[in-house]
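All remarks here apply to the structure that follows.
The values are calculated or read from the model by the stated rules, or taken from the named source; none is laboratory data. Just so it is clear, the structure is predicted and the values come from calculations on it, not from any experiment. All Cβ positions, even for glycine, are placed from backbone atoms using ideal geometry, and neighbour counts span all protein chains on display.
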Amino acid sequence: MPIFCNRKEVIHLKRYLGLLSLLAFAAVLFSYSFASADAAKGEAIFKDTKVGNCKTCHDTGDKKKVGPGLKGVTDRVAKDVIAKWLEDPQTLWDSGSDYIKDLQKRMNKEGKPKTAMKLPGKLSAEQIADVIDFLATLK
């Protein structure tokens with residue numbers, strides 16, 4: 001059964017669809033601005049001993065310190081895995097994944113029940129994204 005609309009209904013429908021499209025576009029732009037990470041902020045977190053404190057145990061080159069050197073880490077390790085490290089290092093350590101087993105072997109930490117990675121405090125999702133964005137610059 002066909003639906004017939006008069007001219008006035010068509011105009012209202014077009015306006016409604018136009019407004020809906022505009023709102024959807026604005027929502028995408030709004031969410032994108034919060035999803036984008038900032039490498040400069042990530043570097044500051046990396047260096048700040050009261051926030052990330054990463055520099056104490058990690059080198060930005062290839063040098064192994066307490067933890068591995070981080071040069072090229074985003075090429076070797078998926079960003080979601082790095083995010084899990086930064087969110088809760090011990091849980092990822094306990095997972096016993098192939099990646100963790102390989103890391104333990106490379107760092108001579110096989111059989112160790114606890115990771116040496118300790119964060120001064122819990123990082124927010126935005127801070128984690130910023131740190132990962134900074135790590136991506138280490139080539």
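Within the range 16-29, identify whether any single residue is outside the structural domain of Leu123 (by TED's automatic domain parsing), modelled with pLDDT under 95, surrounded by fewer than 16 Cβ atoms within 10 Å (Cβ to Cβ) and not in a helix (DSSP H, G or I), and answer yes or no.
no
Once the range 93-111 is narrowed to residues that are farther than 17 Å from Cys57 by Cα and over 20 Å from the mean Cα position of the chain (by Cα), the residue that is surrounded by the fewest Cβ atoms within 10 Å (Cβ to Cβ) is Gly111. Just one of the listed residues (Leu103, Leu86) is under 17 Å from Cys54 (Cβ atoms) and modelled with pLDDT under 95, and it is Leu103. Criterion applied to Glu126, Glu110 was being out of contact with any Asp or Glu (no Cβ under 7 Å at 6 or more places or on another chain) and either among the hydroxyl-bearing types (Ser, Thr, Tyr) or not in a helix (DSSP H, G or I) (or both), and the one residue passing it is Glu110. Only one of the numbered conditions (1) over 20 Å from Lys41 (Cα atoms); (2) of a type in the set (Phe, Trp, Tyr); (3) within 17 Å of the chain's Cα centre (by Cα) is violated by Trp85, and that is (1). Considering the range 36-63, and only residues there that are surrounded by 13 or more Cβ atoms within 10 Å (Cβ to Cβ) and charged (D, E, K, R), the residue that is farthest from Pro120 (Cα to Cα) turns out to be Asp38.
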